[in-house]
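Below you'll find the structure, written out as structure tokens, and then a few comments.
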Amino acid sequence: MPAPATVQPASGVTYTLPSSATIHAASGATDVAGYLATLLRRSTGYALPVATAGTSPPGSGISLLLSGADAAVGTEGYQLDVTAAAVVIRAQSAAGLFHGVQTLRQLLPASVESATVQPGPWTLPGGRIVDHPRFGYRGAMLDVARHFHPVATVKQYLDQIALYKINYLHLHLSDDQGWRIAIDSWPRLATHGGSTQVGGGPGGYYTKAQFQEIVAHAASRYITVVPEIDMPGHTNAALSSYAELNCNGVAPPLYTGTNVGFSSLCTTKEVTYTFVNQVLGELAALTPGPFLHIGGDEASATPADQYATFVNRVQPMVTSRGKAVMGWHQIGASAVQHSANRIVQYWGLSTSDALVNTAVSRGAKVVMSPANRAYLDMKYNSSTPIGLSWAGFVEVQTAYGWDPGAYLSGVPASAVLGVEAPMWTETIVTADHIEFMAFPRLPAIAELGWSPWSTHNWDSFRLRLGAQGPRWTALGIDFYRSPQVPWATIPPTTPATTAPPTSTPPTSAPPTTVPPASGLVNGGFESGSLAPWTGTGCSIVTAPVRTGSRALAGAVTSSDNARCQQVVAVRPNTTYRLQAYVRGSYVYLGTIGTGTSDVSAWTPNTGGAYSPLAVTFTTGPSTTSVAVYLHGWYGQANYHADDITLS
């Protein structure tokens, strides 16, 4: 994840990393090789020395080469070849190799992400992947102004988003509630304007050295930092720091609330432009990336004519320093002049916008961040303990179910630079909060930015997303376990000391990494626990049952078919039979998995008794898990299932 552009599995071929393996790196690839070695050493316990690659690929170990890649990979893509003897990643740039390493990570068992040595084995499926991004801009935004987040948290987030081939981190550095970057020519911006946050508290700011530390860490993950100073609105922290920036010459108090649209720089005073020019100059000197983001949204307190005058004066301050202007889509107003390579970032709720159309007609590119699709601070549902809901609830399927290249009417795919997933932090206080709101939605946005639209498929995506759960658990990421996703689980590496002395696991055990030759798929339900089955309307009941004392029940409604499912480990290239005894009308049994044909069967009516229902399926060469499921039909009575077996 994201889904690769092309995959060619090699049937029956696997590669197992030996303890004696070496990582071979071409000149220019040593940094990526060092990153990979560090990642693998902690979980494998192997030495994994890094050596210089010769003129021809070594016949063993892992090689990172900057030659010989398929021409389709471009500047950020890669070619990954896995044979029984070796792994070779080829690319045209170090960034491409880094992205190939992220795919390599995900082909290895999830325990490779552990911070402690694990038992292995470290086996990858054989084949070739040729992969490259759909869009050049694949971003995440972190608002550090509403609540300040320290350097360590930002660096951790960079590490997490890099796994999904994100290549831009947009930092929202200023707002009404706080100013978060030291500016030498205006020191009170940080010391006073950065001294609080939403709800009160100490706030904070980055020194220039700390900001450069973030930029350097991002660069080591092939991520470019986009700094934003929001203006002319969202500026109360600056106005409170310097009275002369206010039209009345009076500094307002610091603000710790969450209202918007009430503040504005005084756009008719010359000192305002001196201020902006000096701030942008210092920020540009700290920023090797191509963009400076000037905000421009929700400037309700700035008259429209003054807004255009302000933006038109500010844009040359950006371009004169060799940067391109980036701003929220309001800078697309007709009275605002176009500047070279300008980017407008769309955050609206509709699928049409006149401001964006105007900007595009003049040559601007668009970064897509529709709030009701891409905002990571929106609640998943009404029960989400943090986040906002002004743009609606954004579950995983909502975040995934749109095409950035065809979302806005009148905006062709050629005008779309990419996508970005913003996270505003009015309610986001800790690193744990960031993780919970970003995962699993950020990988959905990342896939929209990277993968070709031809790979877009919700049923496939949700299975691949569910398989990321054990990886996040190993990484210590606290994620939202969406009921829309069949989450896989990490099996214990050793039996629990309290486990009963039995040669077979209890029927309530989660799926293991060793696929069953035959047996229950938690199909007896005698433990009384629904897990590892999941699904809305699913429960365990004591009647009616077929055998034992408990069975599975699905409470169907007119709008929900009570799909109950779990992810089960399977062997590649193997034929399986899934059978269940079901009771009810229009009950479905099926499987879905990557590399295998999706199959299902149904019965119109069992006449009030339990009746067998079965499907047969064959796994592909790269299939390691499938989701097995039951569901009813909308508006029918509850259904029941018991004695579910896979053989």
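Here are the numbers:
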{"item": "Residue among THR497, THR473, THR493, THR504 that alone is within 18 Å of LEU646 (Cβ to Cβ) and either at pLDDT 95 or above or open to solvent by 60 Å² or more (accessible area, probe 1.4 Å) (or both)", "result": "THR504"}
{"item": "Filter result for the condition that a residue is among the β-branched types (Val, Ile, Thr), in contact with a Pro (Cβ under 7 Å, 6 or more places away or on another chain) and either under 19 Å from TYR205 (Cβ atoms) or open to solvent by 20 Å² or more (accessible area, probe 1.4 Å) (or both), over THR287, THR267", "result": "THR287"}
{"item": "Of the criteria (1) assigned to a helix (DSSP H, G or I); (2) touching a residue at least 12 places away in the same chain (Cβ under 8 Å); (3) surrounded by fewer than 20 Cβ atoms within 10 Å (Cβ to Cβ); (4) of a type outside the set (Asp, Glu), which one SER409 fails", "result": "(1)"}
{"item": "Scan of region 543-566 for residues that are open to solvent by 20 Å² or more (accessible area, probe 1.4 Å) and part of a strand (DSSP E or B), ordered by number", "result": "none"}
{"item": "Residue within region 117-130 that is aliphatic (A, V, I, L, M), farther than 20 Å from VAL87 by Cα and crowded, with 24+ Cβ neighbours inside 10 Å present", "result": "no"}
{"item": "Residues (in contact (Cβ under 8 Å) with a residue 60 or more places away in the chain, in contact with a helix residue (DSSP H, G or I) (Cβ under 8 Å, 6 or more places away or on another chain) and of a type in the set (S, T, N, Q)) located in region 274-311", "result": "THR287, THR302"}
{"item": "Within region 339-357, considering residues that are in contact (Cβ under 8 Å) with a residue 12 or more places away in the chain and open to solvent by 40 Å² or more (accessible area, probe 1.4 Å), the one farthest from the chain's Cα centre (by Cα)", "result": "ALA340"}
{"item": "Answer from ALA637, ALA614, ALA609, ALA580 - the residue that is in contact with a strand residue (DSSP E or B) (Cβ under 8 Å, 6 or more places away or on another chain), hydrophobic (A, V, I, L, M, F, W, C) and buried (at least 17 other Cβ atoms within 10 Å of the Cβ)", "result": "ALA580"}
{"item": "Residues of region 312-333 that turn out to be in contact (Cβ under 8 Å) with a residue 40 or more places away in the chain and open to solvent by less than 10 Å² (accessible area, probe 1.4 Å), as a count", "result": "2"}
{"item": "Scan of region 370-401 for residues that are polar (S, T, N, Q) and surrounded by fewer than 16 Cβ atoms within 10 Å (Cβ to Cβ), ordered by number", "result": "ASN381, SER382, SER383, SER389, GLN397"}
{"item": "Yes/no for GLY249 being out of contact with any Asp or Glu (no Cβ under 8 Å at 6 or more places or on another chain), assigned by the TED database to the domain that holds VAL151 and open to solvent by 10 Å² or more (accessible area, probe 1.4 Å)", "result": "yes"}
{"item": "Selection within region 36-58 - in contact (Cβ under 8 Å) with a residue 40 or more places away in the chain, buried (at least 17 other Cβ atoms within 10 Å of the Cβ) and touching a Ser or Thr at 6+ places or on another chain (Cβ under 8 Å)", "result": "SER43, THR44"}
{"item": "Residues located in region 1-35, provided they are open to solvent by less than 50 Å² (accessible area, probe 1.4 Å), among the β-branched types (Val, Ile, Thr) and either touching a Pro at 6+ places or on another chain (Cβ under 7 Å) or free of Cβ contacts under 8 Å to residues at least 60 places away in the same chain (or both)", "result": "THR22, ILE23"}
{"item": "Answer from VAL336, VAL367 - the residue that is in a strand (DSSP E or B), open to solvent by less than 40 Å² (accessible area, probe 1.4 Å) and not acidic (Asp, Glu)", "result": "VAL367"}
{"item": "Pairs with Cβ under 6 Å, 6+ apart, first in region 454-477 and at negative phi, second among the charged types (D, E, K, R) and crowded, with 19+ Cβ neighbours inside 10 Å", "result": "ARG471/GLU113; ALA474/GLU113; LEU475/GLU113; ILE477/GLU435"}
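Condition check ((1) open to solvent by less than 10 Å² (accessible area, probe 1.4 Å); (2) touching a Pro at 6+ places or on another chain (Cβ under 6 Å); (3) at pLDDT below 95; (4) within 22 Å of GLY12 (Cα to Cα)) across all residues:
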position	(1), (2), (3), (4)
ASP70	no, no, no, no
SER93	no, no, no, no
GLY96	yes, no, no, no
ALA115	no, no, yes, no
GLY136	no, no, no, no
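The values are calculated or read from the model by the stated rules, or taken from the named source; none is laboratory data. Bear in mind that the values here come from a model prediction, so they are computed numbers and not experimental data. Neighbour counts run over all protein chains shown; Cβ positions are idealised from the backbone, glycine included. Protein only, heavy atoms only, side chains kept; ligands, DNA and RNA dropped before computing areas. Shrake-Rupley method; radii C 1.70, N 1.55, O 1.52, S 1.80 Å.
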